[in-house]
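Okay, structure first, notes after.
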Amino acid sequence: MAHVVDAIRLLQFQPLLLLPSTLNTSSNINRALSLSLSPIASSSSASLASAAPRKHLLSFKVCATVAETGQPKWWEKNAPNMIDIHSTQEFLNALSGAGDRLVIVEFYGTWCASCRALYPKLCRTAEEHPEILFLKVNFDENKPMCKSLNVKVLPYFHFYRGAEGQLESFSCSLAKFQKIKEAIETHNTARCSIGPPKGIGDLLLEPSNVPVPKDRPAEPV
């Protein structure tokens, strides 16, 4: 019915050219109407055909958006020897349990563009040095601890090792990543620490639980 109405509206602007001898013939009128309706039918078919790809494209975009949402965020893509730190106690426990391993601590922010740019290269470096422990400290989750450790710019790095405590600290960007490599070459050498790990600023590690023999006095530090 809708097509017939459209055809009638079309005829108001494009009248049919009917000869006088054919005006009284119903078959001729039907044939003329069918000719007038055929462009409308073709146009409707073309509209449906063009709508199908758009519907498919919309479905693809929705699926792609869902797939991207399920991906881990950039700071969640860790190497096997990288640990996320969520509290001061976790930080102290990780340093205490590292023994003589070199520990590199990265202070970062999820909103920090420089942190994001540097992070893939840091992950590759961690994979190249499985003997090193990398700790990641989210600045926004650990503001009191970062303040105690004098972290004022991001990304920022601390290097620790056993009884030597903190070896050095510095800020670094992707353009200056060579500083991290040079620090690794300097501090990642074979050595054995004598004594428990040192305190870190105002953050004190728990003392060693190793008992001292009664027949020998403790050696002065």
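The condition of being under 26 Å from the mean Cα position of the chain (by Cα) and of a type in the set (Asp, Glu) holds for only one of Glu185, Glu168, Glu127, that being Glu127. Count of region 143-160 residues, restricted to those that are within 14 Å of Cys172 (Cβ to Cβ) and part of a strand (DSSP E or B), is 4.
Could you check region 95-106 and list, in sequence order, the residues that are touching a Pro at 6+ places or on another chain (Cβ under 9 Å), outside any loop (DSSP other than H, G, I, E, B) and more than 12 Å from Leu154 (Cα to Cα)? Spell out the reasoning first.
Taking region 95-106 first, the residues touching a Pro at 6+ places or on another chain (Cβ under 9 Å) are 95-96, 98-99, 106.
Among the residues that remain, those that are also outside any loop (DSSP other than H, G, I, E, B) are: 95-96, 106.
Listed by number, the residues that qualify are Leu95, Ser96.
Of the residues that sit in region 107-118 and are assigned to a helix (DSSP H, G or I) and touching a helix residue (DSSP H, G or I) at 6+ places or on another chain (Cβ under 6 Å), which one is farthest from Lys179 (Cα to Cα)?
First pass over region 107-118, keeping only residues assigned to a helix (DSSP H, G or I): 113-118.
With touching a helix residue (DSSP H, G or I) at 6+ places or on another chain (Cβ under 6 Å) added as a condition, the list becomes 116-118.
Details: Arg116: 17, Ala117: 16, Leu118: 12 Å.
Looking at the filtered set, the residue picked out is Arg116.
Inspection of region 97-110 finds a residue satisfying the criterion of being within 26 Å of the chain's Cα centre (by Cα) and surrounded by fewer than 20 Cβ atoms within 10 Å (Cβ to Cβ). Looking only at region 119-142, decide whether some residue is touching a Ser or Thr at 6+ places or on another chain (Cβ under 8 Å), part of a loop (DSSP other than H, G, I, E, B) and closer than 21 Å to Ile184 by Cα. No: region 119-142 contains no residue that is touching a Ser or Thr at 6+ places or on another chain (Cβ under 8 Å), part of a loop (DSSP other than H, G, I, E, B) and closer than 21 Å to Ile184 by Cα.
If you go through region 131-141 one residue at a time, do you hit one that is at pLDDT below 95, surrounded by 12 or more Cβ atoms within 10 Å (Cβ to Cβ) and under 28 Å from Thr110 (Cβ atoms)? Checking region 131-141: not a single residue is at pLDDT below 95, surrounded by 12 or more Cβ atoms within 10 Å (Cβ to Cβ) and under 28 Å from Thr110 (Cβ atoms). Considering only residues in region 133-170 that are without any contact (Cβ under 8 Å) to a residue 40 or more places away in the chain and of a type in the set (Lys, Arg), the one that is nearest to Arg116 (Cα to Cα) turns out to be Lys152.
Yes/no per residue for (1) closer than 29 Å to Gly109 by Cβ; (2) modelled with pLDDT under 95:
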residue	(1), (2)
Leu174	yes, no
Lys181	yes, no
Cys192	no, yes
Lys198	yes, yes
Lys214	no, yes
Pro217	no, yes
Val221	no, yes
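The values are calculated or read from the model by the stated rules, or taken from the named source; none is laboratory data. Here the structure is a predicted model, which means the values were calculated and not measured. Glycine also receives a Cβ, built like all others from the backbone with ideal geometry; neighbour counts cover every protein chain displayed.
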